[in-house]
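I have placed the structure first, in the form of structure tokens, so that the comments after it can refer back to it.
The values are calculated or read from the model by the stated rules, or taken from the named source; none is laboratory data. No experiment lies behind these values; they were computed from the predicted model shown. In this analysis, Cβ positions are derived from the backbone assuming ideal geometry, glycine residues included, and neighbour counts consider all displayed protein chains. We work out accessible area using only protein heavy atoms, side chains counted, and drop any ligands, DNA or RNA first. Shrake-Rupley method; radii C 1.70, N 1.55, O 1.52, S 1.80 Å.
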Amino acid sequence: MKFTKQQWQWILYDWANSGYGILVVTAVLPVYFKAVAGQAGVGAADLTALWGYANSFGTLVISLLAPLLGALADYPHAKKRWLNFFTWLGIILTIGLALVPLQHWQLLLVVYIGSIIGYSGGNLFYDSFLTDVANNDRMDRVSSTGYSMGYLGGVVVFIIFLVAELTNGFNGLLTSYGVARFSFILAAIWWIIFGWPLLKDGRQHYSVENASNPFIDSLRRLRKTLYHINQYKQLTWFLVAYFFYIDGVDTIFTMATVIGKDLGIKTTMLMVVLLVVQLIAVPFSILYGWLADKFSTRRIIILGIVIYFFICIYALRLQTLTDFWILAILVGTSQGGLQALSRSYFGRLVPKNDSSEFFGFYNILGKFSAILGPFIVGLVTQWTGKSTVGAASLSILFAIGFVIFTITSSKSVND
């Protein structure tokens, strides 16, 4: 399938912010923060707690504001302005991470929280642009290609960082702290270069009528939507199902390294596994979009949920590195595809003129879903003493999501 220029601009934004996701959030900044704050005498337990609080607070802020921000973005030409605002906020503060003096670890944490808000806010408006760049027939392929390019972009930018790391800062040109700061600058530049086409030329085709006071009018529209939520029964039930199964998806990914450590797998090997999972997700995300075109989005979402259910059951037999590789490969086959098709399925259900407002609800449920899964894993792991049993317990989330989605989803959404 050939994509239009605007669809490629939208797809490239996922590639653009992938550097922030893997370098800042996942791989480098957590280690860098612990190093600089640890030198200042902060204890290991406090460091872990502070990092958790920072992530939770930044995510909570944008999640609570998401529906209102979405409603504000539904006015003519507003979506691109909000996308630019949050994207540039994230980019500038990502550069700021490299400029904070080593001894000011508290400021580093504050700047990071601001960058999370920029990153998450940008993703809200990026997701809602899907209804503007693709009609219902093309949403699956465009959305899945976006996820695919995001995974591939993450791999490429991470390899660039690894070159700097493994060559001791380009043969001594950078210190160990300098390599970390280089990664933050790299993430920001990556974001600017590949995000620029959408930031500059993104066109909003659907909108509500202008209002003399957009803020007050947005609050009124939000209240109306919540009051008449029964008019969107299928959409509402989808969000309930999505809340459960996407919680399982996110938890498996975030808990994978912990489970790997429990199996005695070395950190270097875990990093290799992470890269391979990203690479596997590239073609399989596209495959999910192709399968959705052939057999319907509903059926392939159900397939993805079922695969994840069996991934959880398979976790019960994890004992060796080979077992862990098999589980990781299975995750790579379905992670991006299930997320991409969920986004495009939701995009078909939402009223196009109010797409940003409704994607705000999609965003908030996606973020809040990250609470239940880790709690279940922690509780069952403590109860049984086995993290593999804790991972297997996530099967209940996929079972609930499967039942709700299968019963309440419409077979005609693809038509």
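Look at Ile229 and say whether it is within 21 Å of Leu72 (Cβ to Cβ), modelled with pLDDT under 85 and open to solvent by 60 Å² or more (accessible area, probe 1.4 Å).
Yes; evaluated as a whole, the condition is true for this residue.
From (1) within 25 Å of Ser143 (Cβ to Cβ); (2) assigned to a helix (DSSP H, G or I); (3) hydroxyl-bearing (Ser, Thr, Tyr), pick out the condition that doesn't hold for Tyr53.
Here Tyr53 meets the rest and fails (1).
Looking at Ala164, Ala188 in this structure, which one is touching a residue at least 24 places away in the same chain (Cβ under 8 Å) and either in the same structural domain as Ile92 (by the TED database) or under 18 Å from Ser356 (Cα atoms) (or both)?
It is Ala188.
Test each condition in (1) open to solvent by less than 60 Å² (accessible area, probe 1.4 Å); (2) under 21 Å from the mean Cα position of the chain (by Cα); (3) within 30 Å of Leu89 (Cβ to Cβ) for Ala211 and report the one that comes out false.
The one condition Ala211 does not meet is (2).
Can you find, within the range 4-37, the residue that is most open to solvent (accessible area, probe 1.4 Å) among those that are over 23 Å from the mean Cα position of the chain (by Cα) and farther than 23 Å from Pro374 by Cα?
Among those residues, the one meeting the criterion is Lys5.
Do the conditions hold for Thr381, that is, is it at negative phi and modelled with pLDDT of 90 or more?
no
Going by what's in this entry, would Ser148 be described as more than 25 Å from Arg81 (Cβ to Cβ), part of a helix (DSSP H, G or I), polar (S, T, N, Q) and within 17 Å of the chain's Cα centre (by Cα)?
yes
Just name the residue that is nearest to the chain's Cα centre (by Cα) out of those in the range 38-83 that are among the hydroxyl-bearing types (Ser, Thr, Tyr) and open to solvent by 70 Å² or more (accessible area, probe 1.4 Å).
Only one residue tops the list, namely Ser56.
Among the residues of the range 297-353, how many are within 30 Å of Val208 (Cα to Cα) and open to solvent by 10 Å² or more (accessible area, probe 1.4 Å)?
Count: 7.
What number of residues in the range 84-130 are open to solvent by 50 Å² or more (accessible area, probe 1.4 Å) and either among the hydrophobic types (A, V, I, L, M, F, W, C) or assigned to a helix (DSSP H, G or I) (or both)?
11
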